[in-house]
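Participant: Structure incoming, see below.
The values are calculated or read from the model by the stated rules, or taken from the named source; none is laboratory data. Only a predicted model underlies this, so the values are computations on that prediction, with no experimental measurement involved. Virtual Cβ from ideal backbone geometry, glycine too; neighbours counted across all protein chains shown.
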Amino acid sequence: MKKIRIFVLPVLLLFSANLAFASIKLGYVDLQKAITETSHGKAAKKKLEKEFKKKQAQLKKREADLKKMSADLEKKSLVLSDDVRLKKQQNLQQEMLKYRELVGKSQLEIQKKERELTLPIVKKLQKIIAAIAKKEGYTMVLEKSEQSVLWASKDADLTDRVVKEFEKKK
């Protein structure tokens with residue numbers, strides 16, 4: 001009798017576990033893809049690219065100025081007195097530090113602008129995802145990224161449907 005209980009108990013546990021998993025419905029959304037495929041996302045990308053090109057042009061001009069300063073210093077270094085050469089080297093180093101700070105500041109500004117432009121899109125997408133999940137009985141909808149969803153059936157991908165709903169609700 002004990003042998004039957006020992007055998008029946010694990011079988012019952014496995015059966016009940018399978019029943020619990022049968023009621024779970026999972027889906028995923030590639031949020032980055034959804035953002036870039038919406039009309040709002042495309043417009044945000046254009047604004048961001050315009051801002052990026054503007055900053056990039058400023059940085060390239062500044063970089064060219066620094067290269068010119070460096071070349072001039074190198075050419076004139078033999079004829080300059082030690083004091084003057086030292087002052088010009090220090091000035092060049094200070095300008096290079098300012099340039100690095102400007103590069104960092106520009107990157108932060110672009111990231112901030114990207115967040116400002118995409119946050120309203122993400123919020124709207126989240127509402128649409130929640131509506132689809134509730135309507136179709138999803139237990140959970142995950143965000144697809146390189147680290148989170150390693151593999152899933154294409155049937156579980158809700159991205160295209162979310163984008164279509166987004167475009168309907170402009």
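Participant: Criterion first (over 17 Å from K25 (Cα atoms) and either in contact with a strand residue (DSSP E or B) (Cβ under 6 Å, 6 or more places away or on another chain) or at pLDDT below 90 (or both)) does R85 satisfy it?
Facilitator: yes
Participant: Against the conditions (1) in a loop (DSSP other than H, G, I, E, B); (2) surrounded by 17 or more Cβ atoms within 10 Å (Cβ to Cβ); (3) touching an Asp or Glu at 6+ places or on another chain (Cβ under 9 Å), where does Y138 fall short? Just the number, please.
Facilitator: Only one criterion in (1) in a loop (DSSP other than H, G, I, E, B); (2) surrounded by 17 or more Cβ atoms within 10 Å (Cβ to Cβ); (3) touching an Asp or Glu at 6+ places or on another chain (Cβ under 9 Å) is unmet by Y138, namely (3).
Participant: Mind checking whether some residue in the range 117-127 is among the hydroxyl-bearing types (S, T, Y) and closer than 30 Å to K50 by Cβ?
Facilitator: Yes; the residues of the range 117-127 include at least one that is among the hydroxyl-bearing types (S, T, Y) and closer than 30 Å to K50 by Cβ.
Participant: Can you pull out the residues in the range 53-99 that are more than 30 Å from E114 (Cβ to Cβ), surrounded by 12 or more Cβ atoms within 10 Å (Cβ to Cβ) and charged (D, E, K, R)?
Facilitator: Within the range 53-99, D72, K76, R85, K87, K88 qualify.
Participant: Are there any pairs, at least 6 apart or on different chains, whose C-beta atoms fall under 8 Å, with the first in the range 156-167 and closer than 16 Å to G137 by Cβ and the second part of a helix (DSSP H, G or I) and not charged (D, E, K, R), and if so, which?
Facilitator: Within 8 Å, the pairs are L158/I129; L158/I132; R161/I132.
Participant: Hey, among V122, V103, V149, which residue is under 29 Å from the mean Cα position of the chain (by Cα), surrounded by 12 or more Cβ atoms within 10 Å (Cβ to Cβ) and within 17 Å of T36 (Cα to Cα)?
Facilitator: Selected residue: V122, the only one of V122, V103, V149 that is under 29 Å from the mean Cα position of the chain (by Cα), surrounded by 12 or more Cβ atoms within 10 Å (Cβ to Cβ) and within 17 Å of T36 (Cα to Cα).
Participant: Would you please list the contacts, defined by Cβ atoms under 6 Å and residues six or more apart or on different chains, that run from a residue in the range 92-111 that is over 11 Å from L66 (Cα atoms) and in contact (Cβ under 8 Å) with a residue 24 or more places away in the chain to a residue that is in a helix (DSSP H, G or I) and of a type in the set (K, R)?
Facilitator: Once the first residue is over 11 Å from L66 (Cα atoms) and in contact (Cβ under 8 Å) with a residue 24 or more places away in the chain and sits in the range 92-111, its partners that are in a helix (DSSP H, G or I) and of a type in the set (K, R) give S106/K55.
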